[in-house]
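These notes are about the structure you will find just below.
None of the figures in this text is laboratory data; all of them are computed from the coordinates on show. Computed from a predicted structure; not experimentally measured. Here Cβ is always computed from backbone atoms with ideal geometry, including for glycine, and neighbour counts include all displayed protein chains.
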């Protein structure tokens, strides 16, 4: 059987009922448009929200935890060493927050081919002195260039230039902290470290992450500034943050180096498991809505094809009388359904893309998200691909039953019936 | 060119029952043979089973008892795809109500069974279809849609369509039943011409005695039996 003839017959039948065919196609177009727009929008939002946390989170963070020494003297005694010893109220002794041997660790990490970048950091507990009031906070000593490269630091510096931090004694204040201190750009603020050292720092910018609690407490200065402020040497670092090329290797990487360096290593998957969950549930909901739309349009196609078959019983009977077999008739109607699906689906993908472009232009400004000016959209080709496949699958299923009915039409009944 | 006594269609003891609403036997041991080149008509009163017989002979109705041979091959119990192919290749149909596909032009209507058979290219078939339409003086209407034609014109296109695959046998169910006298005469003359010039085998069911008079052989039916003309 030649497909060209099947196509020609299908085309003629569709054109004979062009309005109904168009209604069916518009149904598919609408649902695919919504599907693509919904998923693009939802995933754009997901990416943005995840990015809020994940962009700024290192894949692995090395740090020194202050905790009691696990090797207690009693374990070394011949008398009690073999037993299970319970000691209450052990205090951490001689521990410090700084990472031991930070220089070689940095060198090793930088040499590892899996590593995209390493950025050291000092977190210093401070008081912001505002008149007679002390506000607690954290000054993060960072390497601005590396933070920009690895953690999109510049996106969150809403006022000022992050590279100004390279001048000593300058600070970028968290927006919340700055508001509370009424500190303008160029002002000099005073802070007191936990050790009691006082320092004067010049405000060169504001930092706003979108997480209010974080912005209330955290400020940024260069590593040198913080080391000086605390009276610590140049090797003093409290955190080493690593970004990998492949973020999925983080847990293995953390385990490996935890053993080697004998320090704490947290990987992103362990720390931020809940973000993955939230994203996947949002994605699930948008798929469910999209598929519901498609199923509804599938019923539309089913109805229209059924109507068409009732109207075209004569045609079906005559086709069978002149030598078309059941499969041919079935193929004709399946072809009609798939054509509706293909044309409607293609237009749907196009309109979906256009509506994504439209949504992307809608202003969306919020204090929580300083870098975002319009609604975020994910233009991943994945959704277009899925939408296209779904449009064909649902129209095929919608066409299958009417087509089967058409193929079982008995021409004698129709021709006699006249 | 044609052997006249070669059987084209043989019916042997065909019985047919209708079960709805009650069991009734509409055909009783119907047997006859049609040879190549014959122009045969089946006549009888309304309800005598002549149309039912035609649908059985046409292979569209397969629910009967007895034996049917077309072109000396037994066709009972054959798969429906085989029967479709057989109809396409060896049987041409002309119905009472024309039954053209309204979505297509006259030419395309003639063309479709040919395209389905797939023996010739589209260009060749178009040429052949045009030739067939010319026989019936319909070439000027070739590109009109089927529903733009008059009843007589439609019937001529339907006959042209029946001829496109050079069938072994043409079957007609009251082909003139829906036409006025003038058009009925035209259609009859076409059939007559086909047997005379092309030795076309034709089997027509009709209740028009005048039409039947003009055929080579009349098979008369009454109450599901053939009473004369086997």
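Observations, loosely collected:
- Residue B:17-residue B:120 FRET efficiency (beta carbon distance; Förster radius 45 Å; 0.05 resolution): 0.60
- The mean number of partner chain beta-carbon atoms within 10 angstrom of a residue's beta-carbon across peptide B:60-70 is 2.
- Approximate spin-label separation residue A:184-residue B:213, in nm, with each point projected 7 Å along Cα-to-Cβ: 12.0 nm
- DSSP beta bridges in the protein assembly as shown [antiparallel fraction, %, rounded to 5]: 65 percent
- Whether segment B:148-212 is rounded, prolate or oblate, judged on the alpha carbon gyration tensor where a/c under 1.5 counts as rounded: oblate
- Shielding by partners - mean other protein chain Cβ count within 10 Å, residues of A:184-196: 0
- Once the mean of 1/r is taken over each pair of separate Cα atoms and inverted, the protein assembly as shown shows a Kirkwood hydrodynamic radius of 32.6 Å.
- B:122, A:361, A:331, B:156 arranged by Cβ crowding within 10 Å, fewest neighbours leading: A:361, B:122, A:331, B:156
- Gaussian network model of chain A, springs between alpha carbon atoms under 10 Å - residue of A:377, A:191, A:90 with greatest fluctuation: A:90
- Most mobile of B:109, B:147, B:88 in a GNM of chain B (Cα contacts under 10 Å): B:147
- Cα principal axis extents for segment A:375-418, largest first, Å: 63, 16, 10
- Highest to lowest packing among A:196-204, A:142-150, scored as the average C-beta count within 10 Å: A:142-150, A:196-204
- Peptide-level mean, for B:109-115, of C-beta atoms on other protein chains within 10 Å: 4
- Neighbour-count ranking [beta-carbon atoms within 10 angstrom, fewest first] of A:49, B:83: A:49, B:83
- GNM top mover of A:237, A:13, A:173 - chain A, alpha-carbon springs below 10 Å: A:13
- Footprinting exposure proxy for A:285, B:135, A:334 (fewest neighbouring C-beta atoms within 10 Å first): A:285, B:135, A:334
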